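The values are calculated or read from the model by the stated rules, or taken from the named source; none is laboratory data. Quick caveat: nothing in here was measured; it's all calculated off a predicted structure. Don't worry about glycine lacking a Cβ; one is built from the backbone with ideal geometry, like all the others, and counts go over all protein chains shown.
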Amino acid sequence: MITLIDDALLDEVCAEAAASPRRRKNRNFHPRDDHPGHRLLNALMADSYIPPHRHLDPNKDETYVVLRGMIGLVLFDDSGKVVRIAKVGAGGAAIGVDVGYGQWHTAVALADNSVFLEAKAGPYLPLSLDEKATWAPGENTPEAAAYLGRLRALFA
């Protein structure tokens, strides 16, 4: 089987993201959550909040390549201090990024309908408590929108 990653597919996953309460949507190419190699599209609207997190498994490096729009990558130290930012997408600092395991990070959509191709090792496992940033608001909390605004302002 072959799946073309074309404008029609990107439009489709962006429409799903726009309709989602989380304002983002994955389109998985891997057949199941326990598959050893995960490949997926991740479509984000500008108001989608991905809480900062890290992956402690040494096999869980993540690679992103932006296919549409612009993503702001934010890296943090263990206390939540921003240590690096990069605009990732056509016209940014790079078109892709490889984030090593253990690195606190988040991605912020700098434009609606931003899409990146993500690759990482499976299986999918929910984040453990040690992988969630206690210094950042959780998703769907009252503080999340203001925190997302501060992250977006880093790229203004």
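Inside region 120-156, residues that are farther than 20 Å from G80 by Cα and outside any loop (DSSP other than H, G, I, E, B) make up a count of 2.
Could you please find all residues in region 6-25 being surrounded by fewer than 18 Cβ atoms within 10 Å (Cβ to Cβ) and either closer than 16 Å to V108 by Cα or in contact with a Gly (Cβ under 8 Å, 6 or more places away or on another chain) (or both)?
A18, R22, R23
Would you check if there is a residue in region 135-146 being under 15 Å from V65 (Cβ atoms) and free of Cβ contacts under 8 Å to residues at least 24 places away in the same chain? Checking region 135-146: not a single residue is under 15 Å from V65 (Cβ atoms) and free of Cβ contacts under 8 Å to residues at least 24 places away in the same chain. Note on region 87-98: among residues that are out of contact with any Lys or Arg (no Cβ under 9 Å at 6 or more places or on another chain) and at pLDDT 95 or above, the one that is surrounded by the most Cβ atoms within 10 Å (Cβ to Cβ) is V88.
In region 26-47, of all residues being in a strand (DSSP E or B) and of a type outside the set (A, V, I, L, M), the one that is surrounded by the fewest Cβ atoms within 10 Å (Cβ to Cβ) corresponds to G37. Assessment of region 49-65 against the conditions (in contact (Cβ under 8 Å) with a residue 60 or more places away in the chain, buried (at least 21 other Cβ atoms within 10 Å of the Cβ), within 13 Å of the chain's Cα centre (by Cα) and part of a strand (DSSP E or B)) yields no matching residue. The numbered conditions (1) part of a loop (DSSP other than H, G, I, E, B); (2) surrounded by fewer than 18 Cβ atoms within 10 Å (Cβ to Cβ); (3) touching a residue at least 40 places away in the same chain (Cβ under 8 Å) are all true for L117 except (1). Check whether at least one residue in region 74-86 is part of a loop (DSSP other than H, G, I, E, B) and touching a Lys or Arg at 6+ places or on another chain (Cβ under 7 Å), and report yes or no. No, region 74-86 contains no residue that is part of a loop (DSSP other than H, G, I, E, B) and touching a Lys or Arg at 6+ places or on another chain (Cβ under 7 Å).
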